[in-house]
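The next block holds one structure in the form of structure tokens; read it before the comments.
Here, each number is a calculation from the coordinates, and none is a lab measurement. No experiment lies behind these values; they were computed from the predicted model shown. Here the Cβ is made from the backbone with ideal geometry for all residues, glycine too, and neighbour counts use every protein chain on show.
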Amino acid sequence: MTPRHTEGSLCHSVPFVPLWFCLNLAMMPTIKFTYALKRFFPKLKDTPAAGKTLAEVFKEIETNYPGLQSYVLDERGSLRRHVNIFIDGKMINDRNKLTDAFSAGSEIYIMQALSGG
């Protein structure tokens with residue numbers, strides 16, 4: 001198994017990163033953000049996540065990107081109407097409790113819905 005990281009990742013940019021570290025990153029789901037969210041949170045980048053549920057993933061995201069969780073989730077922890085999440089290309093079903101399953105190699109896309117004309 002080879003890591004699924006781009007040229008700018010830690011495993012490609014820092015000399016002497018242990019192989020076990022890079023392989024462990026490759027076995028974590030990757031959280032990806034769309035450009036629309038990056039306009040409001042410019043430091044967002046593809047992020048490996050250790051969480052086993054979307055709720056745990058959002059706690060990690062909040063640690064790395066303060067304010068993002070409240071932008072994406074409402075006060076009850078439900079996904080806001082203007083946000084969609086896709087796991088491996090499929091939109092999640094549970095927007096309230098965020099119980100949709102994902103695997104260690106999943107790609108989780110968090111997207112701000114766009115509208116206008």
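Cross-link pairs exceeding 20 Å between alpha carbons, from the set 32/90; 32/59; 43/97; 45/97; 38/90; 43/90: 43/97; 45/97; 38/90; 43/90. D by Stokes-Einstein for the range 58-112, Kirkwood Rh over Cα pairs, 10 °C, 1.306 mPa s: 136 µm²/s.
Within 10 Å of each candidate Cβ there may be at most 11 other Cβ atoms; applying that plus a DSSP loop requirement, which trypsin sites (Lys or Arg not before Pro) in the range 57-103 survive? Could the numbers behind the result be given before it?
Details: sites: 59, 76, 80, 81, 90, 95, 97; in loops: 76, 80, 81, 95, 97.
Filter output for the range 57-103: 76, 81.
Maximal additional length on extending the residue 81-residue 107 stretch stands at 7.2 nm, based on 0.36 nm per residue less the C-alpha distance.
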